[in-house]
Each structure stands twice: as structure tokens, then as C-alpha cells.
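Trainee: Got a structure for you, questions after.
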Amino acid sequence: MTPGSLPGAQPEPKPEVKPSPPRNSDEFPPNPLESTAPDPLLPTNASQRPLSAIERKQLAVALDGLNSQAAEKLKQRDRVGAFAIWYRELRLRRSLGVLEEVTALGRVGETAWKENLTPDVRWISKRLDAILAQNQLSTDIAPTTSNAIPVGSASALSSGDRASRIAVLEALGLAYQQVRLPQTAVSIYQQILTDAKQRRDEKKVDETLITLGKLQLGWFDYPNAAATYQELAKRAKVRSDRPNEIIYLTQLSYVHEQAKQPEQAIAYQQKLVALYEQLPDSRSIPPLKIKIADNYQLLARPDQAEQNYQSAYQLAQPTLQFAYASEALQKLGALYRSNDRLDAALKVFDYLVSLEQQSYNLYGMMNAYDQIGQIQLARKQNQRALVAFQQGLGLAKQLKYRQDYFTAQIQKIGK
């Protein structure tokens with residue numbers, strides 16, 4: 001027996017080297033996953049019987065070795081050699097079962113995608129389609145690249161067969177993500193979701209919805225991501241699961257912000273504030289209030305933005321959340337300046353100087369003095385602006401940052 005072969009396997013023959021027949025330049029290269037050539041790592045009668053436990057273990061070790069060899073060749077930029085080994089591994093993985101094969105297809109497919117090898121991604125996707133066609137719970141999924149016909153129906157499956165098929169579908173869902181076919185992955189998870197709802201498997205419903213939401217969000221499908229997280233939030237609320245309700249409302253807020261829908265984002269942020277107000281620790285409210293204010297600014301509602309920035313500061317300052325208190329004051333001051341409310345802006349930045357002193361934030365103090373100087377210039381109070389810029393210069397020297405800027409501001413006033 002040759003080293004690395006299984007019991008009953010033939011010794012590896014020395015293939016006769018024959019010149020390849022000429023190929024038409026327009027002809028597609030053959031799909032290496034469709035090769036049926038015998039492999040010396042398999043017993044001669046492997047097609048007529050399942051592998052024994054020992055044979056499976058030995059084959060798994062050998063295939064892991066092939067994967068390592070291929071990865072090493074890819075590091076050396078030998079892509080042709082690497083994928084030749086990987087295709088051999090993928091063909092042999094079938095002997096270990098569909099889960100093993102699908103996992104390997106996803107891994108190699110992702111590498112092919114990263115290497116921009118379009119034909120290889122297509123071949124691997126075609127094999128995934130063939131496996132999907134034979135492992136569906138229902139017949140509503142159209143494979144992406146092949147003409148395979150879905151078989152079987154959920155009602156005909158035993159509980160054991162159903163569990164096995166769901167495991168395969170979940171592996172397929174991940175593999176399709178790895179080859180960047182998210183729509184097929186979504187269709188698979190929706191099939192799993194429908195089955196879980198029919199069986200009233202609430203845990204599986206939640207798990208699948210979470211997977212769907214992440215997938216939809218990752219591919220910027222904001223409308224469907226919003227619908228998924230709305231369902232999750234509703235389910236969490238029904239069972240009084242406040243921690244998860246908070247998580248899903250937070251995701252909904254994020255989804256709508258990413259979709260440039262500030263009004264919808266505000267609605268979920270306000271729900272979050274209401275939930276946090278029922279908790280003993282209110283430290284999560286200030287950053288939410290700032291987000292709400294930011295979104296009101298996008299809606300050209302400065303009155304509501306002002307109220308929420310003020311509220312954020314008032315909540316953050318007593319709990320020593322200096323970063324949020326500072327952010328709220330900075331944005332409130334900028335809001336006042338943009339609306340030409342210079343006296344109000346000046347008071348805010350005076351507060352900000354005191355706040356930054358409490359937290360020993362020299363950088364924040366320096367920027368606050370810069371704002372005060374700019375406001376005083378706008379108010380034609382040059383001497384007061386000079387004092388503010390001098391204070392800023394002193395801090396800039398300590399920080400060794402923006403010294404030239406403050407010096408230039410002082411010189412302009414002196415002219």
C-alpha cells in the first residue's frame with residue numbers, strides 16, 4: 001500500500017503523458033468538478049459501498065493535507081497548481097458526505113472569488129445548485145446557474161431527514177454567501193424560516209431571522225433588513241424579552257440611518273429612550289438623544305434638535321459622561337452659530353470650556369477657545385476674541401499642535 005492511500009486502494013499509476021488535443025479558442029474549459037477519473041486515495045470499489053469509519057478518517061486527514069498544499073501553492077502565487085489540488089479535494093469530499101462537500105465548496109469558492117477567478121466561481125456555484133436541488137424542503141427556490149429540478153416535499157420527510165436536510169441547507173446558505181450569491185442564500189434561509197414557523201420552532205425562527213437580518217444588512221438591502229428586524233423586535237416584545245428588543249430596535253435605528261431615513265430612525269430611537277427610562281441606569285440615553293438631535297437636523301427641525309442636545313448634556317453631565325456631554329455642547333453650539341444665535345452659542349462654548357477642564361481635556365479646551373474667538377470676531381468683539389485665541393495658543397503650545405493657526409489669528413487681530 002502506498003503512503004497516504006486507503007486500504008484496498010490501487011497504487012497510484014504513472015499516467016501516460018499525452019498531448020492535449022487542440023481546443024477551439026471560443027470553447028469553455030472543462031469543469032474540473034465533473035471529472036470522473038478514479039483517484040488513488042479511494043478504494044477501488046468505493047463507488048459500490050460506503051467507506052468504513054477508518055477509511056473516512058484516513059480520507060479526511062488526506063484531504064486536509066491537500067487543502068494545506070493548495071493554500072501553500074496559492075501563497076507562492078501558483079494559482080493554477082493550487083486550484084488543481086483544490087478541485088481534487090472537492091471531488092473526493094463527496095465521499096465524506098454532502099455536509100463535508102458543501103463546507104469545502106464554500107471555502108474554495110470564497111478563495112476563487114477573492115482571486116477574481118470567475119469560471120471557478122461559476123463551476124463551484126453550479127455544483128452548489130445541484131446539491132441544493134436535491135436538498136430542498138419546498139420547491140420555491142430557483143437555483144442560480146443550473147437546470148436541476150427540485151425534488152421532494154417537506155410533508156414527506158421524517159424528522160430525522162428534515163433535520164439532516166436543514167443542516168445541509170444551512171451549510172448551503174453560508175456557501176452561497178461565500179461565493180457572493182446573497183439572493184440564493186436569502187431564499188434558502190426563507191425556506192428554513194417557513195419550515196420553522198410551520199413546526200412552531202420559535203428558537204429556530206429567531207435564529208433564522210437573525211441570520212437573514214445580518215445578511216440583508218450586509219448587502220445593503222435596507223427595506224428587507226428593516227422588515228426582518230421589525231419582526232424580531234415584535235417577537236421579543238411579545239415575550240417581554242427586553243434585552244433583545246433593545247438590540248433589534250437599535251438595529252432598526254441603524255438600518256434607517258443607513259437608508260437616509262431620519263424620520264423613521266427617530267421613531268425607533270425614541271422607543272429605545274422609553275425602554276431605557278424604565279431601567280435604573282440611564283447612561284445609554286445621552287448618545288441616543290444626540291442621535292435623535294442629529295436626525296432632526298437632517299429634517300431641518302432645529303427646535304427639536306436643540307431640545308435633544310440640551311437633554312443629552314443635562315443627562316450626561318451629572319453621570320460624568322464627559323465625552324457625550326462635550327459632544328452635545330459642541331453640536332448645540334454649532335447649531336446656534338448656524339442659526340446666527342451668537343450670544344447663545346457663546347454661552348454654550350463657555351460651558352464647554354468648564355466641562356473640558358473637569359475632564360482635563362486640553363484638546364477640547366483648545367477647540368472651545370477657538371470657537372469662542374470666532375464667535376467674538378463675528379460679534380465685532382476683537383479684544384475678547386484676542387483673549388480667547390491667546391488662551392487657545394497656550395493650550396496649543398502644550399499640545400504642540402495648531403500653534404501656527406492660533407498665532408495667525410492673533411496676528412490678524414493685531415493688524
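Trainee: Identify the single condition in (1) at pLDDT 75 or above; (2) surrounded by fewer than 16 Cβ atoms within 10 Å (Cβ to Cβ); (3) among the small types (Gly, Ala, Ser) that Gly109 does not satisfy, given that it satisfies every other one.
Mentor: Of the numbered conditions (1) at pLDDT 75 or above; (2) surrounded by fewer than 16 Cβ atoms within 10 Å (Cβ to Cβ); (3) among the small types (Gly, Ala, Ser), the odd one out for Gly109 is (2).
Trainee: Also, quick follow-up: Is the stretch 139-150 home to any residue that is at pLDDT below 95 and in contact with a Gly (Cβ under 9 Å, 6 or more places away or on another chain)?
Mentor: yes
Trainee: For Pro38, indicate whether it is surrounded by 10 or more Cβ atoms within 10 Å (Cβ to Cβ), of a type outside the set (A, V, I, L, M), free of Cβ contacts under 8 Å to residues at least 24 places away in the same chain and not in a helix (DSSP H, G or I).
Mentor: Here the answer is no, as Pro38 does not meet what is asked.
Trainee: Here's something else I'd like to know. Exactly one condition in (1) surrounded by fewer than 22 Cβ atoms within 10 Å (Cβ to Cβ); (2) farther than 24 Å from Tyr309 by Cα is false for Tyr363; which is it?
Mentor: For Tyr363, the exception is condition (2).
Trainee: Another question, then. Output the residues belonging to the stretch 331-360 that are surrounded by fewer than 19 Cβ atoms within 10 Å (Cβ to Cβ), of a type in the set (D, E, K, R) and assigned to a helix (DSSP H, G or I).
Mentor: Across the stretch 331-360, the qualifying residues are Asp343, Lys347, Asp350.
The values are calculated or read from the model by the stated rules, or taken from the named source; none is laboratory data. What you see is a predicted model, and the numbers here were worked out from it, not measured in a lab. Because the Cβ atoms are built from the backbone with ideal geometry, glycine has one as well, and the counts that use them run over all protein chains shown.
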